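Here's the structure we're looking at; comments come further down.
Each reported figure results from applying straightforward, stated rules to the coordinates on display, with no laboratory input. All values reported here derive from a predicted model rather than from experimental measurement. Cβ atoms come from the backbone with ideal geometry, glycine included; neighbour counts cover every protein chain shown.
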Amino acid sequence: MTTGDVEAAKLRRKRNRRCCVYIIAGIVFQTIIILVFALTVMRIKSPKVRLRNVTVQTLNTNTSTFHKKLSAQITVKNTNFGHFKFESSTVSVTYNGATVGQAQIDKGRARARQTKKMDITIDLQSSKLSSTSGTLVLSSHAKLSGKVHLFKVIKKKKSAEMSCTMGFNTATNKDTTVGQAHIVKGRARARQTKKMDITIDVNSSRLLSTSGTLTQGSHTKLKWKGAFVQGDQEEEIPANELHHGN
């Protein structure tokens with residue numbers, strides 16, 4: 001064997017080793033891609049349904065019964081990489097096991113990695129209740145059944161279920177502003193939570209009465225690109241109904 005043959009054999013062995021290294025690296029890289037794809041895109045989760053922005057539109061009460069009309073927003077959060085197509089359903093509101101109101105949820109579709117918002121109106125009637133005095137605690141329940149579609153090929157059945165409670169004070173239906181705070185304009189970064197500390201002075205001299213249990217609520221409205229992210233509702237109270245302190 002000549003010197004040239006020896007050098008050629010060494011070059012072939014070196015090329016073979018390089019090819020083996022490239023093949024192994026390619027296999028490892030493809031394995032990582034497949035694992036990431038299987039753990040993220042192909043992992044199908046159950047969507048989440050929530051009841052938000054509950055507002056009392058009308059409230060009629062007497063000693064034994066009441067009629068309340070609520071407006072609310074149903075949100076369906078789909079974190080999957082495929083859309084969630086759900087059938088029509090019903091949200092029910094109960095008190096001590098008795099159904100006092102229902103609302104229809106129309107069938108629809110929540111797009112991939114987005115939140116579907118739907119406005120509903122619920123009429124609550126207390127004629128089935130034995131007592132409506134004091135604080136009225138209501139429970140709401142809804143279940144959406146459907147399928148998550150991936151790449152128009154994979155279809156997997158999933159359901160989103162919601163159960164929550166709401167408390168209403170039937171002794172009064174007046175809302176009075178007792179304090180305010182200023183929120184400085186700012187920016188919330190992508191997929192992060194913006195935190196701001198504020199101080200609110202609450203003055204009870206504006207209230208009709210401060211005895212018993214004081215229930216307070218807060219309303220926030222943020223403006224973004226000319227649109228309001230969340231609205232609030234204001235109510236005017238005649239001056240002769242206010243109790244002024246010293």
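Just a few scattered comments:
- Charge tally for GLN73 (other residues, Cβ to Cβ under 11 Å; Lys, Arg +1; Asp, Glu -1): +3.
- The residues neighbouring ALA142, those whose beta-carbon lies less than 11 Å from its own, together hold a net charge of +1 under the Lys/Arg +1, Asp/Glu -1 convention.
- At 0.692 mPa s and 37 °C, Stokes D of segment 48-169 from Kirkwood alpha-carbon radius, µm² per second: 211
- Residue order, fewest to most beta carbons within 10 Å, for ILE198, ILE120: ILE198, ILE120
- Radius 12 Å from Cβ of VAL184, net charge of other residues (Lys, Arg +1; Asp, Glu -1): +2
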